[in-house]
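First the structure, in the form of structure tokens, and then the observations on it.
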Amino acid sequence: MSVSVRIVLIVIIGCGITVQKESEKGEPSKPSIAIVGAGISGLSTARRLIELGIDNFDIYEGLDRIGGRIHAIPYKDGFLQMGAQFINGAENPLYKIANRLGLIADVVSDTAHVDNAHFAFGNQNVQEEDIKTFLDFTSKLDPKYRSIAKHDEKTARRYTFKEIFTLDYMHFLKTQNFTDQQKNVFDSLARSFRSYWEFEWAADWSTLSVHVLKEWNDYGPECESFATNKIGFKAILDDIAAPIPRRAFNFNKRVENINLNAYSGRIQLTVNDHIVPTEYDYVIVTSSLGVLKKYHHKMFTPPLPRQKIEAIEKIGFGGSCKVFFEWDQPFWSNNTYSIAPLPVRGMISEKLDAFEEETTILQVVDWAPNVLSAWYAGRGHQLVDNMSEEELKQRMTRLMREMYNDESIPPPSKIIRTQLTKNELLLGSYSYMTQVQALSHISHSQLAIPVKLEGRPKILFAGEATHHRLFQTTIGGYLSGRREADRAVNDWFGNGHIFNQTRKMEVEDDTLIHEQRSVPYISQPITSI
């Protein structure tokens, strides 16, 4: 009688040992994986798993669409990019995808909206020479702060942007015999300088650490990024999602609890108040840091490790949003790039309200010249999210009439916005480095540390906030998803599997990056397929 010998593959990862079962074909079985979120991190995770030969995964998304914080809203023959619009640097996969699809529109300076702005101040007694004096002063500050971040770590960690600017601003005011009226004009102009930092980092600058300028690095020219065209990130998301099986998506399914069984090593999810029957080998969480901040104590069983909770609590997560105002006909000139309203305390009124202080830049949408995109960040994001559309229309109309000294300017005909801070599945825009984080020497990469069982990763974390140098970017989100897919597959099969599969993908990857494929830009939402 012959004896059948069953070969068992034993994989030793770190200090944990697991026995993998064979499939009926004599090959090692594949892991079952749950992906929480279908934003760019979740999509890149799924795509990477497919590249590595893993198709046994499910994606749970609380929204009814892909993209998460990236949200392209159809408008005329294009899309208004409510979330991501720019790509930081050319040495990254998203630029290569966008370039292949013909989506790159221009190279844009981070300060273009201020440098090219029409400062509107109506009949207030504002002198153009005073505006020039202030802009000359602030033009030296960006390189100064970057130099401090690179060469004086102690100072960079200690100060927020508001604190360090206040010191420079007080010195500037003492250098000349400015009148009280000029100082009030400078105070108004300082709001534009503040908004530059808050827009860039989705942060309240009173908590934003100067040290962020050293930690963040896209390896490209400083203060430059690539603007996408009117199709933009809609096509990028469609391209990344294209090879992912539609059966893998579970929309309108909010993950409320992730339960790691310490005995079996399997993970069970509670979704929409129901326990999912499938048990998973790994769960890759791509939820926003805002969601983790608010719900981590309910979301994980057992609770997350203390070090993970500290990172979640101390790393910043803020808001930076666009509110699109449509007029039937532009009231601004054809050569306007952006409008910087400049209400001055003591001129327009004795005290400015929060809306006047936070409405600092409105940018003309180049392909929809009857639309202005108003940028709000820091406390301004939540302020406008909490305003009704009618209130926004009234306040913007009043402000524009005063700043253009023209009572005939009509109210905007339409407002397009998303109110991220009121969406419980998103709760803001992206992460930044707080002063307390910098002083605690906490890196964003600390958020990427997985929850382990017997030395093996079981609950993994992706998302822009987990990338050590490209936090707050779509690139960081994309790369982090691939990183965690690799981590899970590497743990299951060992390093050899990743190496061999990656070698097989090299030619295909090169084709994916460089070929000029025809992509249906105006495609149906993935949820309708």
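The values are calculated or read from the model by the stated rules, or taken from the named source; none is laboratory data. Because the structure is predicted, anything quoted here is derived from the model rather than measured. Here the Cβ is made from the backbone with ideal geometry for all residues, glycine too, and neighbour counts use every protein chain on show. Surface accessibility is based on the protein's heavy atoms, side chains included, excluding ligands, DNA and RNA. Shrake-Rupley method; radii C 1.70, N 1.55, O 1.52, S 1.80 Å.
Things to note:
- In the full protein context, the range 334-387 carries 38 Å² of accessible surface per residue, based on a 1.4 Å probe and ignoring ligands, DNA and RNA.
- Order by protection proxy (mean Cβ within 10 Å, highest first), peptides 213-220, 194-201: 194-201, 213-220
- Comparing Tyr430, Tyr145, Gln176 along the charge dipole axis of the chain, the residue lying farthest to the positive side is Tyr430, per the Cβ-charge model.
- Portion, in percent, of the accessible area of the range 196-319 that falls on carbon or sulfur, probe 1.4 Å: 51
- Within the range 55-124, the proportion of C-alpha pairs whose separation exceeds 13 Å stands at 79%.
- The structure-derived value of percent of Cα pairs over 37 Å apart appears in the list (1) 35; (2) 52; (3) 46 under the label (1).
- Where N is the number of residues in the range 22-142, Cα Rg divided by 2.2 N^0.38 Å: 1.73
- Percent carbon-and-sulfur accessible area, the range 354-402, ignoring ligands, DNA and RNA, probe 1.4 Å: 42
- Percent carbon-and-sulfur accessible area, the range 85-151, ignoring ligands, DNA and RNA, probe 1.4 Å: 47
- The dipole here belongs to the range 144-201: it is taken about the Cα centre, uses +1 on the Cβ of Lys and Arg and -1 on the Cβ of Asp and Glu, and is about 180 debye.
- Unsatisfied cross-links (Cα-Cα over 21 Å) in the set Lys322/Lys393; Lys298/Lys452; Lys76/Lys96; Lys293/Lys422; Lys253/Lys422: Lys76/Lys96
- Between the Cα long axis of helix 40-51 and the first principal axis of the chain there is an angle of about 30°, rounded to the nearest 10.
- Packing rank of 175-187, 466-478, where each peptide gets the mean count of other beta carbons within 10 Å, highest leading: 466-478, 175-187
- The antiparallel fraction among DSSP beta bridges confined to the chain stands at about 70%.
- For the chain, a simple Cβ point-charge model (Lys and Arg +1, Asp and Glu -1, everything else neutral) yields a dipole of about 1540 debye relative to the Cα centre.
- Phi angles across the range 211-219 convert, under the Karplus curve 6.51 cos²θ - 1.76 cosθ + 1.60 with θ = phi - 60°, into 3J(HN,Hα) values of 4, 4, 5, 8, 5, 8, 7, 9, 6 Hz, Gly and Pro given as x.
- Each Lys and Arg Cβ is given +1 and each Asp and Glu Cβ -1; about its Cα centre, the range 206-261 then shows a dipole of about 480 debye.
- Accessible area of the range 215-279 divided out per residue, in Å², using a probe of 1.4 angstrom: 49
- Charge dipole of the range 267-309 about the Cα centre (unit charges at C-beta), most positive-ward option of Asn272, Tyr295, Tyr282: Tyr295
- For a straight C-alpha distance cut-off of 19 angstrom, the lysines reachable from Lys30 (same-chain residues fewer than eight places away being disregarded) are Lys21, Lys458, Lys504.
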